[in-house]
Amino acid sequence: MIDENGYSDHIDNKASHCAKLLNDYYQKYDAQKGTQFVFSDLGTYKPGGDFNIYSEVKRKLVEDYHIPSYEIHFIQECKNEKAKKAMVEAMNRGDIRIIFGSTSMLGTGVNAQQRAVAIHHLDTPWRPSDLEQRNGRAVRKGNLIAKEFA
């Protein structure tokens with residue numbers, strides 16, 4: 001027997017904390033269309049309805065904080081380099097405000113730093129160089145908001 005209440009959503013779980021923090025930055029930098037990166041190598045998005053942390057945090061952002069779902073994307077949605085490039089361009093414009101991804105898919109070759117205001121790590125990568133790579137998505141030349149607010 002499984003106690004359904006024992007595994008229900010809780011306000012103090014990692015997904016809830018992440019959603020609140022994402023919303024705080026979303027509201028604070030709304031006028032600038034500030035963007036955020038969310039990294040997790042565990043529980044990554046896969047279409048088909050299985051539980052994953054990306055979809056759970058997105059659900060909370062949409063249902064609890066009323067952030068439009070079209071402003072939240074997963075890098076795994078991109079089926080090819082052309083789609084990935086379009087997603088990066090949308091992020092630099094501020095059309096996509098929150099992007100989720102793994103270190104391997106979002107941590108390298110993604111130049112979406114122009115409006116980046118925060119990087120969130122739902123897990124810690126095994127190699128320190130991977131953490132550096134993740135942080136390098138926003139902490140770099142070409143970040144227009146950092147130039148204005150740093």
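The values are calculated or read from the model by the stated rules, or taken from the named source; none is laboratory data. Note that this is a predicted model, so its numbers are computed, not measured. Methodologically, a virtual Cβ is constructed for each residue, glycine included, from the backbone with ideal geometry; neighbour enumeration extends over all protein chains shown.
A compact table of results
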quantity	calculated
In the range 126-150, the residues that are assigned to a loop (DSSP other than H, G, I, E, B), basic (Lys, Arg) and within 22 Å of Ala19 (Cβ to Cβ)	Arg137
Count of the range 46-58 residues which are over 13 Å from the mean Cα position of the chain (by Cα) and surrounded by 15 or more Cβ atoms within 10 Å (Cβ to Cβ)	1
Of residues in the range 30-59 being in contact with an Asp or Glu (Cβ under 8 Å, 6 or more places away or on another chain) and over 23 Å from Asn92 (Cα atoms), the one modelled with the lowest pLDDT	Leu42
Selection status of Gln27, out of contact with any Asp or Glu (no Cβ under 9 Å at 6 or more places or on another chain), surrounded by 10 or more Cβ atoms within 10 Å (Cβ to Cβ), without any contact (Cβ under 8 Å) to a residue 12 or more places away in the chain and in a helix (DSSP H, G or I)	yes
Subset tally (residues that are under 18 Å from Ile53 (Cα atoms) and not in a loop (DSSP other than H, G, I, E, B)) for the range 71-125	18
Criterion (closer than 18 Å to Met91 by Cβ, within 12 Å of the chain's Cα centre (by Cα) and of a type in the set (S, T, N, Q)) met by exactly one of Thr103, Thr108	Thr103
Members of the range 1-29 found to be modelled with pLDDT under 95 and polar (S, T, N, Q), listed by number	Asn5, Ser8, Asn13, Ser16
Selection within the range 90-108 - closer than 15 Å to Gln76 by Cβ and either in contact with an Asp or Glu (Cβ under 7 Å, 6 or more places away or on another chain) or small (Gly, Ala, Ser) (or both)	Ile96, Ile98, Gly101, Ser102, Thr103, Ser104, Gly107
Residues located in the range 60-82, provided they are modelled with pLDDT under 95 and either small (Gly, Ala, Ser) or surrounded by fewer than 16 Cβ atoms within 10 Å (Cβ to Cβ) (or both)	Glu77, Lys79, Asn80, Glu81
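One line per residue, one yes/no per condition, for (1) modelled with pLDDT of 85 or more; (2) exposed (fewer than 13 other Cβ atoms within 10 Å of the Cβ); (3) among the small types (Gly, Ala, Ser):
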| residue | (1), (2), (3) |
| --- | --- |
| Glu89 | yes, no, no |
| Ile99 | yes, no, no |
| Ala118 | yes, no, yes |
| Pro125 | yes, no, no |
| Glu132 | yes, yes, no |
| Asn135 | yes, no, no |
| Arg140 | no, yes, no |
| Lys147 | no, yes, no |
